[in-house]
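Okay, so here's the structure we're looking at.
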Amino acid sequence: MSELLVIQHLDREGPGRFAGAARARGWQVSVCRPDRGEALPAATPTGTPTDQVLLVLGGPMGVADLGNDAFPWLEAELELIRQRVEAQQPVLGICLGAQLLARAMGGDAVPLEVGEPPRPLREVGWGAVTWTTTAEQEAVLQGLAASELVLHWHGDRIVLPPGATLLASSLHCVEQMFRIGRHAWGLQFHLEVTPELLEPWLLQDRAYVIEALGADGVERIRRGGRHWQASTERSATLLIENLLSALEACLRR
């Protein structure tokens, strides 16, 4: 049986739609919480068959927190990602996970800035991403429109590692989705968040939202979620299924 091994860093930021889609395929879903002191899984050597897909989720910490005593597990997690990717085993990073994936392979994550002179920007709420290639070239984009609405929740941008392929950009942030080889993908945006999971984000991260969007930011995101629920659920489900199929194909090699 294939397994989706989830690395989760915060109670509210769980695997959401990814877990549901994996279970529907008959996969086992396991969750590791290094923030609670749980041991990270061991890396498997190159050439060793694996039935495990590694999914690394987001969190309020970042690449800049490597070496911070508040997150003593962060460097070990970075090394786990590096070992898995170098062994050509399937890895998917979301937000923080994508930033760690980039850093592990020679890239980085830096504050997102816009304008001249540059000023910091938090990209939060509903916004479009545009694919930088076609479904004919990238199977994970099959069935999607040229641009799709997604949920953003970040204040950093990814510096792509050497050899990475850029797959999506937004108006304010070029590096929204990328691929390394045919076994690792990074997404800056959040497909996993269902309407039920969104509410704890809005309540617990209210100050962050208001700083990004103003006093009415929380309600604007709520309204957008209700208004675009059908379309965002369709596109998120489709891209998740495409990604899981691509990751599953890595297990058969």
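The values are calculated or read from the model by the stated rules, or taken from the named source; none is laboratory data. Everything numeric in this text was worked out from a predicted model, so none of it was measured. Cβ placement follows ideal geometry from the backbone for every residue including glycine, while neighbour counts extend to all protein chains displayed. Side chains are part of the model used for accessible areas, which takes the heavy atoms of the whole protein and leaves out ligands, DNA and RNA. Shrake-Rupley method; radii C 1.70, N 1.55, O 1.52, S 1.80 Å.
Looking only at region 41-67, how many residues end up being more than 27 Å from Ala246 (Cα to Cα) and not in a loop (DSSP other than H, G, I, E, B)?
2
Table: residues versus (1) basic (Lys, Arg); (2) touching an Asp or Glu at 6+ places or on another chain (Cβ under 6 Å); (3) under 22 Å from Pro15 (Cβ atoms).
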| residue | (1), (2), (3) |
| --- | --- |
| Ala164 | no, no, no |
| Arg182 | yes, no, no |
| Glu196 | no, no, yes |
| Trp201 | no, no, yes |
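Modelled with pLDDT under 95 and surrounded by fewer than 18 Cβ atoms within 10 Å (Cβ to Cβ), is that true of Arg252? Outline the logic, then answer.
Values: modelled with pLDDT under 95: yes; surrounded by fewer than 18 Cβ atoms within 10 Å (Cβ to Cβ): yes.
Yes: the conditions hold for Arg252.
I need the full set of residues from region 155-188 which are touching a Lys or Arg at 6+ places or on another chain (Cβ under 9 Å) and of a type in the set (Ser, Thr, Tyr), in order please.
Thr165
Identify, please: which residue in region 166-225 is small (Gly, Ala, Ser) and part of a helix (DSSP H, G or I) and is, among those, surrounded by the fewest Cβ atoms within 10 Å (Cβ to Cβ)?
Per the stated criteria, the residue is Ala207.
Regarding Leu149, is this residue over 23 Å from Ile7 (Cβ atoms), open to solvent by 30 Å² or more (accessible area, probe 1.4 Å) and touching a strand residue (DSSP E or B) at 6+ places or on another chain (Cβ under 8 Å)?
Yes; evaluated as a whole, the condition is true for this residue.
Evaluate the following for Asp156: is it open to solvent by 20 Å² or more (accessible area, probe 1.4 Å) and under 14 Å from the mean Cα position of the chain (by Cα)?
The answer is yes for Asp156.
Looking only at region 92-121, count how many residues are closer than 24 Å to Ile7 by Cα and in a loop (DSSP other than H, G, I, E, B).
Qualifying residue count for the region: 4.
Can you run down the residue pairs with Cβ atoms below 6 Å, 6 or more apart or on separate chains, where the first is in region 129-149 and without any contact (Cβ under 8 Å) to a residue 60 or more places away in the chain and the partner is assigned to a strand (DSSP E or B) and open to solvent by 60 Å² or more (accessible area, probe 1.4 Å)?
Every condition considered, the pairs that remain are Ser147/Thr130.
One residue is enough: does region 21-32 have a residue meeting the conditions buried (at least 17 other Cβ atoms within 10 Å of the Cβ), of a type outside the set (Lys, Arg) and in contact with a Phe, Trp or Tyr (Cβ under 6 Å, 6 or more places away or on another chain)?
Checking region 21-32: not a single residue is buried (at least 17 other Cβ atoms within 10 Å of the Cβ), of a type outside the set (Lys, Arg) and in contact with a Phe, Trp or Tyr (Cβ under 6 Å, 6 or more places away or on another chain).
Could you list, in sequence order, the residues of region 206-219 that are under 29 Å from Leu238 (Cβ atoms) and touching a residue at least 12 places away in the same chain (Cβ under 8 Å)? Talk me through it step by step, then tell me what you get.
So in region 206-219, the residues under 29 Å from Leu238 (Cβ atoms) come out as 208-209, 212-213, 217-219.
Correct list: Tyr208, Val209, Ala212, Leu213, Gly217, Val218.
Among (1) open to solvent by 40 Å² or more (accessible area, probe 1.4 Å); (2) touching a residue at least 40 places away in the same chain (Cβ under 8 Å), which single condition is Gly59 missing?
(1)
Under 9 Å by Cβ, and 6 or more places apart or on different chains, what pairs join a residue from region 68-87 that is in a helix (DSSP H, G or I) with one that is of a type in the set (Asp, Glu)?
From residues that are in a helix (DSSP H, G or I), the pairs are Leu74/Asp65.
Given Glu138, Glu75, which one is crowded, with 17+ Cβ neighbours inside 10 Å, over 17 Å from the mean Cα position of the chain (by Cα), modelled with pLDDT of 95 or more and charged (D, E, K, R)?
Exactly one residue qualifies, and that residue is Glu138.
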